[in-house]
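Undergrad: Pasting a structure below so you can have a look.
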Amino acid sequence: MRGLRKAFGSKVAVGGIDLDIPHGCFFGLVGPNGAGKTTTLGMVTGLLRPDAGLVLIDGVEVWRDPVTAKRRIGVLPEDLRLFDRLTGAELLTYNGLLRGMAAGVVEARARELLDVLGLADAAGTLVVDYSHGMRKKIALAAALLHAPRVLFLDEPFEAIDPVSARTIRGLLERYTAGGATVVFSSHVMELVERLCDRVGIMHLGRLIAEGPTDQVRAGRSLEDAFVDLVGASHAGAEELGWLGTWSA
Amino acid sequence: MAGHLVGLRLALLRNGLRRSSWPQQVGLALGALAGLPLAFGGFLLLALVPRAEPRAGLLLVEAVFLLLFLGWGLFPLLSFAGDASLDPSRLALLPLRPRELVTGLSLAACVGVAPLCTLVALGGAVVGFGSLGPGLLLVVAAVLVQFALCIVGSRALLTALSRQLRSRRARDLVIVLVSVVALGFNLALQVGARLAERLERSDLEALRPAVRVLGWLPPGLAARALVDGGEGRLLAATAELAGAALAVLALGWWWWRSLERVLTTAEPPARSRARQPAGLFPRPLRRLLPADQRGAVAAKELRYLARHPRLRVAWVISCLLGLALVVFLAVSDGIRHPWMVLASLTMAFLAAQNSLNQYGFDGAAYWTQVVAGADPRGDLVGRNLASMVTGVLTTAVLAVALAAVTGGWLYVPVALCLGAGVLALSLGVADVVSVRFAYPLPDDATNLWAVQGTGQGCLVGVVQLLAFAVQGVLVLPLAAVVVAGLAAWTPALVLVCPLAIAYGVFLWRVGLGLGASWLTGHQPELLAALSPRRPA
């Protein structure tokens with residue numbers, strides 16, 4: 001992406017980002033709340049029109065040829081608004097047919113994905129009755145259904161239990177090993193450090209550090225590197241002194 | 001503690017009013033004003049009728065007391081999800097004992113428009129039956145016991161069912177019930193008024209067994225105590241009052257036990273009925289809908305129609321309107337012409353009105369469509385297909401019902417062809433309006449009439465009114481041809497059938513083309529219009 005920029009009124013959410021993500025890379029995008037990660041991912045995936053800038057995915061310009069670009073990507077957004085009056089299985093069928101896949105292929109892949117993600121028993125349950133973690137998993141299944149070359153995941157491990165998180169991690173690692181690219185945003189630094197080859201740190205709408213994970217953390221833990229780069233607030237240490245005095 | 005809970009109830013009432021927009025505040029004020037005639041009507045009924053018609057006195061009081069008791073049981077259940085003060089589990093984290101809670105919540109329940117109206121109405125019974133003397137004390141006590149029955153009974157039932165009421169399934173059901181009950185109440189009022197006009201004195205005698213049975217229910221005991229107290233039978237009145245008071249105590253005990261259970265036991269995990277995965281396409285339409293994007297969108301729309309409470313209500317209401325038309329024709333002799341079957345076209349027209357904001361229920365979930373790179377034309381065709389299926393189906397059912405009443409079976413195919421034409425041209429207009437003036441509908445199961453605070457309500461209203469007008473103008477040529485056919489030579493209406501379909505399909509394709517070509521370059525803009533919050 002080159003010169004990617006987006007403002008909402010007078011508030012600049014993303015103030016010009018240049019970033020290259022190589023093929024087959026596991027890329028982590030981290031940053032504090034309000035740093036502009038979700039807005040960036042929205043612009044890259046064709047959900048939010050940028051004010052300026054260029055996005056190329058696998059050689060296809062997203063905002064000039066959105067249909068071709070979208071065939072190559074899968075997306076799991078942070079705001080999990082789904083067609084939740086459909087059952088899990090129906091939602092996957094719906095997504096597959098929207099993407100022009102053959103009904104038989106959709107059915108076979110949906111069954112496998114539901115099995116792998118531990119949703120087989122809930123395949124016939126309405127998504128509105130799913131827990132938050134189950135919603136994440138069904139949305140991830142929908143993003144993977146058409147085997148995209150690039151996967152964009154916004155906070156994929158939030159509210160996911162450890163067993164499911166391990167399953168998803170394994171699935172994503174296998175997926176990148178096959179040459180696909182995964183771009184994901186997260187607040188969990190340990191996870192980003194463990195999974196990602198490359199990492200980008202966003203702050204106040206700008207990319208303040210980017211490169212191979214080892215290079216960005218420079219001998220420290222990624223969390224320390226992140227806190228140093230973003231700047232931590234120490235306020236509150238003295239004010240809440242009463243917290244140590246117990247009520248009756 | 002009781003003071004705090006009464007204060008909380010008052011604060012919730014006040015803040016609920018403050019948070020509402022001015023149209024909602026006007027609505028609330030009108031609602032409160034609607035309560036006043038009911039309260040004063042009840043007051044006058046109980047105050048005047050017993051003196052004018054002493055034999056009807058007991059039956060009247062028993063019926064009013066029972067209705068009040070049932071109303072207090074039913075209506076809080078319907079407003080449970082929308083009224084934070086009704087859910088006892090919201091107080092579960094506070095260190096409160098059930099005794100404090102029962103006292104406080106009882107007093108808090110006495111605050112509001114409904115308790116005030118109930119007390120005003122019950123006050124009529126004191127005027128109607130009370131006479132100076134020791135009996136007056138019993139009459140007042142009977143009214144207070146009846147009020148306590150309403151309050152305690154209502155809260156006991158509510159607390160006992162609170163866990164079930166918090167489930168998504170119950171909330172969905174409540175939305176449908178509220179609208180059906182509101183319509184049913186309206187109908188019952190009209191039918192009741194007609195029946196009351198015909199009620200003869202001899203009918204009262206026939207109702208005597210019912211009076212006897214009702215008299216043994218707790219509200220009936222309070223009613224009998226009131227009448228006996230007013231007529232000076234003090235011993236009987238005291239015994240009946242004691243019976244009713246015992247019922248209040250029993251209900252209070254039930255409430256206490258339910259509160260203890262709700263506050264001290266863990267919430268059971270939500271159980272949701274897992275369906276057998278049956279596929280996206282509804283079974284009867286599996287062979288009819290194409291197995292592609294258009295079919296998928298149509299199937300999704302039909303699934304939503306069956307499962308989303310708001311859509312279900314819209315569907316039920318339009319069906320009831322059609323039913324009202326049939327009933328109206330069935331009971332009125334003068335206008336029962338065979339060509340009245342063509343009145344079923346109103347159903348096609350009404351069905352299309354639900355399509356003026358076809359993306360509204362998608363809301364922010366429309367990202368699924370955008371990110372899939374779905375073809376906007378196929379998307380619109382799918383939505384139109386679903387509207388067509390439901391619209392033609394309801395029109396057909398109404399046409400058949402009207403034909404059964406009027407005998408105009410020959411008009412059924414004409415009505416169907418005309419209906420399809422009207423529906424198609426209306427959908428053409430709806431396709432343009434849906435993409436250019438989309439607004440999100442809240443996925444809020446607590447309030448059927450909730451609107452999204454998009455700040456464009458007025459514009460949306462004007463646009464929809466204009467769309468309605470345009471649809472009306474486009475229908476005019478068809479209407480003119482039909483009227484001419486009816487006036488000149490009725491068999492000529494057969495010629496109108498292909499004409500109506502061709503005309504409708506032509507206009508639909510024009511609207512579809514305009515809508516789809518705009519949407520092709522503006523899916524992110526439509527998504528932004530449908531997302532209540534902008535990403536930060």
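The values are calculated or read from the model by the stated rules, or taken from the named source; none is laboratory data. On a predicted model such as this, the values are computed, not experimentally measured, just so you know. Using ideal geometry, Cβ is built from the backbone for each residue, glycine included, and neighbour counts are taken over all protein chains shown.
Undergrad: Would you confirm whether or not segment B:279-301 contains a residue that is in contact with a Pro (Cβ under 8 Å, 6 or more places away or on another chain) and modelled with pLDDT of 85 or more?
TA: Yes - at least one qualifying residue is present in segment B:279-301.
Undergrad: Test A:Arg109 against the stated conditions and say whether it is of a type in the set (D, E, K, R), buried (at least 18 other Cβ atoms within 10 Å of the Cβ) and either over 30 Å from B:Ala306 (Cα atoms) or touching a Lys or Arg at 6+ places or on another chain (Cβ under 9 Å) (or both).
TA: no
Undergrad: Across segment A:59-88, which residue is farthest from the other protein chains (Cβ to nearest Cβ) among those that are assigned to a helix (DSSP H, G or I) and touching a helix residue (DSSP H, G or I) at 6+ places or on another chain (Cβ under 9 Å)?
TA: Keep residues of segment A:59-88 that are assigned to a helix (DSSP H, G or I), which gives A:66-71, A:88.
Restricting the remaining residues to those that are touching a helix residue (DSSP H, G or I) at 6+ places or on another chain (Cβ under 9 Å) gives A:66, A:70, A:88.
Details: A:Pro66: 6, A:Lys70: 3, A:Gly88: 8 Å.
Among those that are assigned to a helix (DSSP H, G or I) and touching a helix residue (DSSP H, G or I) at 6+ places or on another chain (Cβ under 9 Å), it is A:Gly88.
Undergrad: Restricting attention to segment B:289-308, report how many residues are of a type in the set (Lys, Arg) and under 16 Å from B:Pro376 (Cα atoms).
TA: Here the count works out to 2.
Undergrad: Further question on the same structure: Go through B:Leu235, B:Leu251 for me and flag whichever is under 30 Å from B:Leu93 (Cα atoms), modelled with pLDDT of 85 or more and aliphatic (A, V, I, L, M). Steps first, please.
TA: Details: B:Leu235 fails: under 30 Å from B:Leu93 (Cα atoms).
Result of the check over B:Leu235, B:Leu251: B:Leu251.
Undergrad: Let me ask something else about it. Scan segment A:90-114 residue by residue and report those that are of a type in the set (S, T, N, Q) and either more than 8 Å from chain B (Cβ to nearest Cβ) or touching a residue at least 40 places away in the same chain (Cβ under 8 Å) (or both).
TA: In the first step, residues of segment A:90-114 are kept if they are of a type in the set (S, T, N, Q); the result is A:93, A:95.
Matches in segment A:90-114: A:Asn95 only.
Undergrad: Let me ask something else. Which ones in segment B:104-138 are of a type in the set (Ser, Thr, Tyr) and buried (at least 22 other Cβ atoms within 10 Å of the Cβ)?
TA: To start, the set of residues in segment B:104-138 that are of a type in the set (Ser, Thr, Tyr) comprises B:106, B:118, B:131.
Within segment B:104-138, B:Thr118 is the sole residue that qualifies.
Undergrad: Right, here's the next one. If we scan segment B:85-106, do we find a residue that is polar (S, T, N, Q), at pLDDT 80 or above and part of a helix (DSSP H, G or I)?
TA: Keep residues of segment B:85-106 that are polar (S, T, N, Q), which gives B:85, B:89, B:103, B:106.
Pick out the ones that are also at pLDDT 80 or above and you get B:103, B:106.
Then drop every residue that is not part of a helix (DSSP H, G or I), which leaves B:103, B:106.
Checking segment B:85-106: at least one residue is polar (S, T, N, Q), at pLDDT 80 or above and part of a helix (DSSP H, G or I).
Undergrad: Here's something else I'd like to know. Criterion first (among the hydrophobic types (A, V, I, L, M, F, W, C), surrounded by fewer than 21 Cβ atoms within 10 Å (Cβ to Cβ), within 30 Å of B:Val414 (Cβ to Cβ) and within 14 Å of another protein chain (Cβ to nearest Cβ)) does B:Leu311 satisfy it?
TA: Taking the combined requirement at face value, the residue satisfies it.
Undergrad: What tally of residues in segment A:131-150 results from selecting those that are at pLDDT below 90 and either part of a loop (DSSP other than H, G, I, E, B) or within 9 Å of chain B (Cβ to nearest Cβ) (or both)?
TA: 1
Undergrad: Kindly indicate the residue of segment A:171-190 that is under 13 Å from the mean Cα position of the chain (by Cα) and not aromatic (Phe, Trp, Tyr) and also nearest to A:Ser221 (Cα to Cα) among those meeting that condition.
TA: A:Val188
Undergrad: Just to verify a result, which residue in segment B:283-299, among those that are among the charged types (D, E, K, R) and touching a residue at least 24 places away in the same chain (Cβ under 8 Å), is nearest to B:Met388 (Cα to Cα)?
TA: It comes out as B:Arg294.
Undergrad: Further question on the same structure: Mind listing whichever residues of segment A:115-130 are more than 9 Å from chain B (Cβ to nearest Cβ) and either out of contact with any helix residue (DSSP H, G or I) (no Cβ under 8 Å at 6 or more places or on another chain) or part of a helix (DSSP H, G or I) (or both)?
TA: A:Asp115, A:Val116, A:Ala120, A:Val127
Undergrad: Something else now. So which residues in segment B:340-369 are β-branched (Val, Ile, Thr) and more than 9 Å from every other protein chain (Cβ to nearest Cβ), if there are any at all?
TA: So the first thing to find is which residues in segment B:340-369 are β-branched (Val, Ile, Thr), and the list is B:341, B:346, B:368.
Matches in segment B:340-369: B:Val341, B:Thr346.
Undergrad: Shifting gears a bit: I'd like to check something: does segment A:155-166 contain any residue that is touching a residue at least 12 places away in the same chain (Cβ under 8 Å), facing chain B (nearest Cβ under 10 Å) and part of a helix (DSSP H, G or I)?
TA: no
Undergrad: So, in segment B:333-364, how many residues would count as being under 27 Å from B:Cys319 (Cβ atoms) and assigned to a helix (DSSP H, G or I)?
TA: Final tally of qualifying residues: 17.
Undergrad: With (1) over 30 Å from A:Lys11 (Cα atoms); (2) basic (Lys, Arg); (3) surrounded by fewer than 20 Cβ atoms within 10 Å (Cβ to Cβ); (4) at the interface with another protein chain (Cβ under 10 Å from one of its Cβ atoms) as the list, and A:Arg49 as the residue in question, which single condition is left unmet?
TA: (1)
Undergrad: Something else: From the residues in segment A:159-182 that are charged (D, E, K, R) and surrounded by fewer than 15 Cβ atoms within 10 Å (Cβ to Cβ), which one is farthest from A:Leu145 (Cα to Cα)? Let's see the steps before the verdict.
TA: Step one: list which residues in segment A:159-182 are charged (D, E, K, R), which gives A:161, A:166, A:169, A:173-174.
Imposing the further condition that a residue be surrounded by fewer than 15 Cβ atoms within 10 Å (Cβ to Cβ) reduces the set to A:161, A:166, A:173-174.
Numbers: A:Asp161: 22, A:Arg166: 20, A:Glu173: 16, A:Arg174: 15 Å.
Looking at the filtered set, the residue picked out is A:Asp161.
Undergrad: State whether one or more residues within segment A:17-34 are under 17 Å from B:Gly373 (Cα atoms), crowded, with 21+ Cβ neighbours inside 10 Å, among the hydrophobic types (A, V, I, L, M, F, W, C) and at pLDDT 90 or above.
TA: Checked against the condition, which is being under 17 Å from B:Gly373 (Cα atoms), crowded, with 21+ Cβ neighbours inside 10 Å, among the hydrophobic types (A, V, I, L, M, F, W, C) and at pLDDT 90 or above, segment A:17-34 yields no hits at all.
Undergrad: Residues in segment B:369-410 that are buried (at least 23 other Cβ atoms within 10 Å of the Cβ), among the hydroxyl-bearing types (Ser, Thr, Tyr) and more than 30 Å from B:Pro491 (Cβ to Cβ): how many?
TA: Number of matching residues: 1.
Undergrad: Only one of A:Val55, A:Val60, A:Val67 is among the β-branched types (Val, Ile, Thr) and either under 22 Å from A:Lys137 (Cα atoms) or crowded, with 18+ Cβ neighbours inside 10 Å (or both); which?
TA: Testing whether each residue is among the β-branched types (Val, Ile, Thr) and either under 22 Å from A:Lys137 (Cα atoms) or crowded, with 18+ Cβ neighbours inside 10 Å (or both) leaves just A:Val55.
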